[in-house]
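Below is one structure, written out as structure tokens; comments come after it.
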Amino acid sequence: MKNETVLAIESAVGGGSLALIVDGKAVEKWHGKGKVSRSEELLGQISIIVEKAGLELQQISRIAVSNGPGSYTGIRIGMATALGLARALSIPCVGIFLLRALELGSGPHGERIIAVPIGRSGYAWRYVKAVAETEGEAGSDALHAGNLQELISFVIAHPSAIILAQSDMFDDLAAAEEITDAIEVVDIGRDLAEAVGFASAKIDNGMKPYYARDTPPKAVVNGYDK
């Protein structure tokens, strides 16, 4: 990601987030406080973070956008915003499967369950297997979706996994009576766009939206998802 300026957009979860990554470093970030992203707020905040970084929109070389999972409206807003801006600037736009981006950002080793809220009291999560040093890249299973109790049941069935939870759901999950001290729950914050931006240097899942019950992209092969 050296010698690149990447604008990352994640509007599928909660109030959404943005990140500006210059030469492999996140120089500006923003996350919304609402429950649903708004296109006009995203556009306004994009201008703000670009200006704060001392850059101009024309210096952006690539746009990376989460194509899900998340709220139906949020996914559509993010992808439409990214595509419109990419066309206006004549630059590439890549879609990134959010849970894969968060998986890459959490490191190559260790059993994990990565979970995000998708609206209407629903959650989406993906289990990532622990990897021995000789096995290479981590393996992930299908995309799961359900309510809080269904997520808790899945967590209990995988007691050795670390739970990586977006901030809006962290408190509810960590406070559940079924979650014992033996189960580690980590708050990964609301700045999910940063992971999307960094993942775009390795993967491109295309501009197809991935909703909560869709089949996720396959594992990365030679640096890029199938």
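The values are calculated or read from the model by the stated rules, or taken from the named source; none is laboratory data. If you're wondering where the values come from, they're calculated on a predicted model, not measured in any experiment. Methodologically, a virtual Cβ is constructed for each residue, glycine included, from the backbone with ideal geometry; neighbour enumeration extends over all protein chains shown.
Listed by position, the strands (runs of 3 or more DSSP E) enclosed by region 1-71 that each have at least 1 residues that are basic (Lys, Arg) and touching a residue at least 12 places away in the same chain (Cβ under 8 Å) are 25-31, 62-66. Counting just the residues of region 143-181 that are within 20 Å of the chain's Cα centre (by Cα) and assigned to a loop (DSSP other than H, G, I, E, B), which one comes out surrounded by the fewest Cβ atoms within 10 Å (Cβ to Cβ)? Among them, the one singled out is Asn147.
Out of the residues in region 193-208 that are under 15 Å from Met79 (Cβ atoms) and at pLDDT 95 or above, which is surrounded by the fewest Cβ atoms within 10 Å (Cβ to Cβ)? Show your work before the answer.
Let us first name the residues in region 193-208 that are under 15 Å from Met79 (Cβ atoms), namely 193, 196, 200, 204-208.
Then keep just the ones that are at pLDDT 95 or above; that gives 193, 196, 200.
Details: Ala193: 31, Val196: 33, Ser200: 26.
Here the residue is Ser200.
Does region 60-68 contain at least one residue that is within 25 Å of Val128 (Cα to Cα) and in contact with a Leu (Cβ under 7 Å, 6 or more places away or on another chain)? Checked against the condition, which is being within 25 Å of Val128 (Cα to Cα) and in contact with a Leu (Cβ under 7 Å, 6 or more places away or on another chain), region 60-68 yields at least one hit.
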